[in-house]
Structure formats: structure tokens, C-alpha cells
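Laboratory data are not the source of any read-out in this text; all were calculated from the coordinates shown. Remember, it's a predicted structure, so these values are computed and weren't measured experimentally. We place every Cβ from the backbone using ideal geometry, glycine too, and count neighbours over all the protein chains shown.
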Amino acid sequence: MRLPTSLSDDDSLLIADTSTVINLNATGCAEKILRALPYRVAVVDVVADELKDGRPKGRNDARKLSLLASAKLIEVVKLGPEGLIHFESLVVGTASETLDDGEAATIAYAAESSAVALIDERKAIRLCATRFPTLRLGCTVDLFAHAAVRRALGPSTLADAVHKALIDARMRVLPHHLTGIVELIGSERASQCVSIPRAVRTKCGSRHS
């Protein structure tokens, strides 16, 4: 299975964006994944507040995050003075050059604390490359691809967990992970995941037509 991870042994702190938390919750085994990872994982309080906004829509990600925090598997942190400056620079300006509050806070805290920002959106990745060229980035799939997680879950459970994240959370998959994700969950299931690019889904579907 060709599923690389950008995380390294030198990393110590990962800052998860809202989408990463939602994706993890959707797997049904977030606790096991977080226990397996050899890193501290944190979210900024801005992200926790964004998850609370989903309650009226019937989403319970805020409650799940609270349980993970109570189990000391995720920390909830606040931006410091430098982070607040970074945050403001990412939310003030034209739409094409700004991010939503959760993404901005995640990047700002990671930049302030020399941590890895876990983000899945291409626009956020593009802005990071321009404004914070030395900032290390990861994404949700990097967590699933980590050797410790793969050992802890095993191939079958990992494939089911990733499939749930794709179906229930519509997890985004970056181009360099597409081949590995299809190999992991199988082309038939991949053809049903709308967050996977249409061209890839069509190709997968043709194998089972």
C-alpha cells in the first residue's frame, strides 16, 4: 500500500484544524488513533467553538472533542500574542487571501509554537506556502498513514475507518494520497466517495461495471 505520511520522528506537536477533528470523529476509532500516535495533538479554542456551531445541525463533534480532551488525548489551547497577530493577518483582507477562523487559528498557533498544522484545504495550504514557507504541514490522511496507527488498527479496521471518514465526513484527500487511499479501501468503495475527485471515482467504478 503506497500511503506516505509527511509526519516525522522529529515532530512533537500537531495542531488539528476543524476538518481534522471531524474526520477523526467520523472514523469511530479516534481514541485508538490518538493513543497510537507518538505526538501531542492540540486544537485551538477557536476550533472548539466552531464545532459547537454544528450542534444546531445535529452534529456532536463538540461533545466528542470534549471527551477526547477529558481523556487527555487532545489539548485545547489558546493563541498567544504572536499567534493573534498571525491570526489577524489570515482573517483580514480579500476573500481570496483570507481563511475561515478555524483554519487561521490552526495555522497561527502552529507558526507561533513551531508545530505541525494539520489542514486539508488547498487554499489554506497555498496561503501557508506563501506566508509561512517554513511552517510544516500535514493533513488528516497523514495520521492514518502513520506506521503506529497502521499497526494499532490493522489493515481491515484502518480501511473501514478511512472509508467512514470519507463517507460520513467527506474527508478531502490530497493528490499525493489518492492512489494509497484507493488501494487501502478498494476501488469499489472509493467509487462511492464523493470527496474523491470524479475522475478517480469514475476510473474506480469502471473496474466494477
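Structural remarks
- DSSP-defined beta bridges in the chain - what % are antiparallel, rounded to 5: 0 percent
- Rounded to 0.05, the FRET efficiency of the ARG151 and GLU82 pair, given R0 = 41 Å and the Cβ-Cβ distance, is 0.65.
- Only Lys, Arg, Asp and Glu carry charge here, each on its Cβ (+1 for the first two, -1 for the last two); on that basis segment 13-141 has a dipole of about 520 debye about its Cα centre.
- Helical runs (DSSP H, four residues minimum) scored at -39500 (n - 2.57) apiece and divided by the length of the chain put the mean residue ellipticity at 222 nm at -16500 deg cm²/dmol.
- Here the extension length gained between ILE125 and SER187 equals 19.6 nm, from 0.36 nm per residue of separation less the Cα-Cα distance.
- Sequence-distant lysines (8 or more away, or on other chains) whose Cα lies within less than 22 Å of LYS64: LYS32, LYS52, LYS72, LYS78, LYS164
- Gyration tensor (Cα) of the chain, equivalent ellipsoid semi-axes in angstrom: 27, 19, 17
- Distance from the C-alpha centroid of segment 131-209 to that of segment 1-56: 15 Å, rounded to the whole angstrom.
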